[in-house]
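My questions will all concern the structure given below.
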Amino acid sequence: MKIAVEGCCHGELDKIYETIGYLEQKEGVTVDLLLCCGDFQAVRNEGDMKCMAVPAKYRSMQTFYKYYSGEKKAPVLTIFIGGNHEASNHLQELSYGGWVAPNIYYLGYAGVVRYKGIRIGGLSGIFKSHDYRKGHYEFPPYNHETLRSVYHIRNIEVFKLKQIQHPMDIFMSHDWPRGIYNYGSTEQLLRKKKFLRQEVETNTLGSPAAAELLAHLQPSYWFSAHLHVKFAAIMQHQAQNDCPPRTTKFLSLDKCLPHRDFLQIVEVADRPGSSEHLEYDPEWLAILKATDSLQIVSPSHWNPPQDNGLHPRWDFSASEAAMLEVVGDLGGELRIPENFSHTVPAYDPNRPQHHLAPAYATNPQTTELCATLGLTDIYARAGQGKGSGEEGAGQGGLEEDEEEEEEENRSTGSVEETSEYPTDTSGLSSSYNPDEITIEDEWEEEEEETEGHGGNKGAAGASLSPDAVVPEGEGDADSPPRDLATSRMVLPPPRLPLPLDLPPPAHSTPSPASTSPSHCSPGDDGSPLLVRIPKRTSGEAGATSGTGNTPKIKRRNQTIYTTPDEDEESEG
C-alpha cells in the first residue's frame, strides 16, 4: 500500500490531487491513501471563511467547496487532522470525526481509524498552555478569543490517547512533538528556519503534549506540518518489558506551493485479509465510551484523574470485554458508514454571498454515532450554553486581526498560569513563526534565493530545485532516471497480526510499572521481532529542470531517514 503524506494543505485540494495524479502517471504507481497533517481548510461557503483564524486579506475560498458540493470527488481516500487555520465551525460538527465530503475523512479532535489493517491516529490543533486544561466550550459565532482557542489542544484528548494500549502504526499532529528536532539534522533545520533558533536552544519548540504522546504511543511513523519546512528525524525509544527498543520515524512537510517539499510517498506493508474499507478502531471507540462522562464544555479547568487516592477510577484503557461491547453496538460492522450529508449550502461562484453569516448545525454523522455508542455530542451541548458568549467572528479590522495573530504566534503558552508540564517555559518564548501569520506570503524570499530559487522565473533556463518534479520531456536529457524505490519510505512489517476485526488486546489493565502500549510481539518462531533501524545512505539524483503549469514538488532521491554513526551519537 502506498500512502501520500501532505504537510499543510491550505485548501489547495485541486493542486494536491493533480500532483498525486501526475506522480502516479509518471512513476507507474497507484496511491491508496492521502494523509493531510492540518490546515486543511474545509471551507464550504463564505460564512465558513469568517470562522477561520487568518487575517481577512488571506481568506480565500480555495477549492474544497467543489468536493463538498459534489462538483468533484476526491480521487483517493483522504484522512486529515485539523491545524490552526481551519473552518472551525465545520470541524466542530464532527468532534469524533466524520466525512467532510465524499472520500474525505476528518479524524476529529482526536481519533484512531484503521485502513487495510494499518492503525492511523491523530490529534488536531496546536498546543497553547493557557487553554490546555479547558473544555471544548467554543461555539460560533466566535469572538476574537474563541476564534483561536477553538483549535487549541485540550488535555482531555491527550488523556484519551494515553489510554491506548495496542501498537500504533501511524500518528499525525499539526505541531511538532517537543524535542524531536534533537533527533534529526538540527543545524540544517536552523539554516532553513533561522527564527526557530531560540526555541530550539531553550528546548521550547513544539508541543509538550505531543512529546508525551510520542513517548507513550511510540508509533512507527509520526507525521507533522505547521512550520512549513521538510524535516526528518528518527527516534529510538527505551526498551520496555524485555522487548527490543521501538523506533519512530518522524517527518514534517511543507505547505502546498511550487518548489516546496509538501508531499511524500510512503510504502506501507498492509495486512493480508484486512478490510479494503475505512474502519472504526474498537479500542478507540471503547475509550471514547469510557471517558464520555469526563468531558466538559466550559472554560473551567479540568484535571485528569490520577492514582492518588482521590479518584475512584483513573485507568480508562479498553478491556477486551469493552471492545467486544462496542463491536456489538455497531452490529458487528466496523466499516465506517459512508453517510456524508450537507449541513450548510455550498459556495456558488455564480452567486457569491460575501455577507453570509457563519452557520452552525449539528451533523447527522455525529448524532448517529453518539446514539449508537451512548456518547455526548459536545458541540451540540456547547451550543446549548452558547459557549463563546460573544458574537463577531472575523469582524475586526485587518490590522487588529494581524496583531492578534502575531501575538498568539509569539507564545505557545501563558506566563500568568502554571503549565500542566513542569518543564514548559513556552510562555516565556519570544520567537514566532511568521509563515503562520502570512500563510500565503513568500516571506522566505531571502532563504529561497540562497537555495537558487530566486531571480527571474520567467527567463529562459530559470533555476529550479534539482529534485523538483517536472513534466515528462521537460527535464534534462542527461539526467539519470529517478529512482522511485529510494524516494519512498518503507514501513516495517506489521508488529501484530490482526486477521480479525477485533485486535487481540495486549492486556486489559496496564501494569503499574508501565502504562505504554505493548510494542513487541512474538515472531513465528516465538522470538520477539527485531527492530530494523535504517542506516545512513548517500547520493542524490541529478538535476532536472523545466517549466510549465504542471504542479511541482521537491522529493529527495535518497533515504530521508538516517541513523547517527557511533562516533556521532554524542552530537545534538
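Taking the conditions exactly as written (of a type in the set (S, T, N, Q), assigned to a loop (DSSP other than H, G, I, E, B) and surrounded by fewer than 18 Cβ atoms within 10 Å (Cβ to Cβ)), does residue 293 satisfy them or not?
Values: of a type in the set (S, T, N, Q): yes; assigned to a loop (DSSP other than H, G, I, E, B): no; surrounded by fewer than 18 Cβ atoms within 10 Å (Cβ to Cβ): yes.
Here the answer is no, as residue 293 does not meet what is asked.
Right, residue 157: of a type in the set (Asp, Glu), assigned to a loop (DSSP other than H, G, I, E, B) and either surrounded by fewer than 20 Cβ atoms within 10 Å (Cβ to Cβ) or at pLDDT 95 or above (or both) or not?
Values: of a type in the set (Asp, Glu): yes; assigned to a loop (DSSP other than H, G, I, E, B): no; either surrounded by fewer than 20 Cβ atoms within 10 Å (Cβ to Cβ) or at pLDDT 95 or above (or both): yes.
In short, no.
While we're looking at this one, here's another question. Return the pair list, or none, for Cβ contacts closer than 6 Å from residues in region 332-354 that are farther than 18 Å from residue 48 by Cα to residues that are among the polar types (S, T, N, Q), at least 6 apart or on different chains.
Final answer for the pair search is 339/365.
Going through region 180-199 one residue at a time, which ones are open to solvent by less than 10 Å² (accessible area, probe 1.4 Å) and under 22 Å from residue 162 (Cβ atoms)?
Hit for region 180-199 is 180, nothing else.
Contact list please: Cβ distance under 7 Å, first residue in region 304-329 and surrounded by 10 or more Cβ atoms within 10 Å (Cβ to Cβ), second residue charged (D, E, K, R), pairs at least six apart or on different chains.
Once the first residue is surrounded by 10 or more Cβ atoms within 10 Å (Cβ to Cβ) and sits in region 304-329, its partners that are charged (D, E, K, R) give 305/313; 314/307; 318/283; 323/283; 326/289; 327/501.
Checking residue 66 against (1) of a type outside the set (Ser, Thr, Tyr); (2) over 21 Å from the mean Cα position of the chain (by Cα); (3) open to solvent by 20 Å² or more (accessible area, probe 1.4 Å); (4) at pLDDT below 95, only one condition comes out false. Which one?
(4)
Give the residue, chosen from 96, 67, 105, that is out of contact with any Pro (no Cβ under 6 Å at 6 or more places or on another chain) and part of a loop (DSSP other than H, G, I, E, B).
On the way: 67 fails: part of a loop (DSSP other than H, G, I, E, B); 105 fails: part of a loop (DSSP other than H, G, I, E, B).
Answer to the check: 96.
While we're looking at this one, here's another question. So, in region 200-213, exactly how many residues are part of a helix (DSSP H, G or I), open to solvent by 10 Å² or more (accessible area, probe 1.4 Å) and either of a type outside the set (D, E, K, R) or under 24 Å from residue 81 (Cβ atoms) (or both)? If you could, list the steps in order and put the result at the bottom.
First, pick out the residues of region 200-213 that are part of a helix (DSSP H, G or I): 200-201, 208-213.
Among the residues that remain, those that are also open to solvent by 10 Å² or more (accessible area, probe 1.4 Å) are: 200-201, 208, 211-212.
After this cut, where a residue has to be either of a type outside the set (D, E, K, R) or under 24 Å from residue 81 (Cβ atoms) (or both) as well, the list is 200, 208, 211-212.
Total satisfying the criteria: 4.
If you check residue 91 against the conditions, is it open to solvent by 10 Å² or more (accessible area, probe 1.4 Å), out of contact with any Lys or Arg (no Cβ under 9 Å at 6 or more places or on another chain) and under 21 Å from residue 357 (Cβ atoms)?
Numbers: open to solvent by 10 Å² or more (accessible area, probe 1.4 Å): yes; out of contact with any Lys or Arg (no Cβ under 9 Å at 6 or more places or on another chain): yes; under 21 Å from residue 357 (Cβ atoms): yes.
Against the criterion (open to solvent by 10 Å² or more (accessible area, probe 1.4 Å), out of contact with any Lys or Arg (no Cβ under 9 Å at 6 or more places or on another chain) and under 21 Å from residue 357 (Cβ atoms)), residue 91 qualifies.
Let me ask something else. Can you list residue pairs whose Cβ atoms sit under 9 Å apart, with the first residue in region 10-34 being at negative phi and in contact (Cβ under 8 Å) with a residue 24 or more places away in the chain and the second being of a type in the set (Asp, Glu) and open to solvent by 30 Å² or more (accessible area, probe 1.4 Å)? Count only pairs 6 or more apart in sequence or on different chains.
Final answer for the pair search is 26/472; 30/24; 31/24; 32/270.
Find the helices (runs of 4 or more DSSP H) located wholly in region 344-410 whose residues include 1 or more that are of a type in the set (Val, Ile, Thr) and modelled with pLDDT of 95 or more, and list them. Please lay out each step first, then the result.
On the way: elements: 364-373, 378-384, 398-409.
So the answer is 364-373, 378-384.
The values are calculated or read from the model by the stated rules, or taken from the named source; none is laboratory data. Source: prediction; values computed, not measured. Reconstructed Cβ throughout: ideal geometry from the backbone, glycine too, with neighbour counts over all protein chains shown. These area figures cover heavy atoms from the full protein model, side chains too; ligands, DNA and RNA do not enter into them. Shrake-Rupley method; radii C 1.70, N 1.55, O 1.52, S 1.80 Å.
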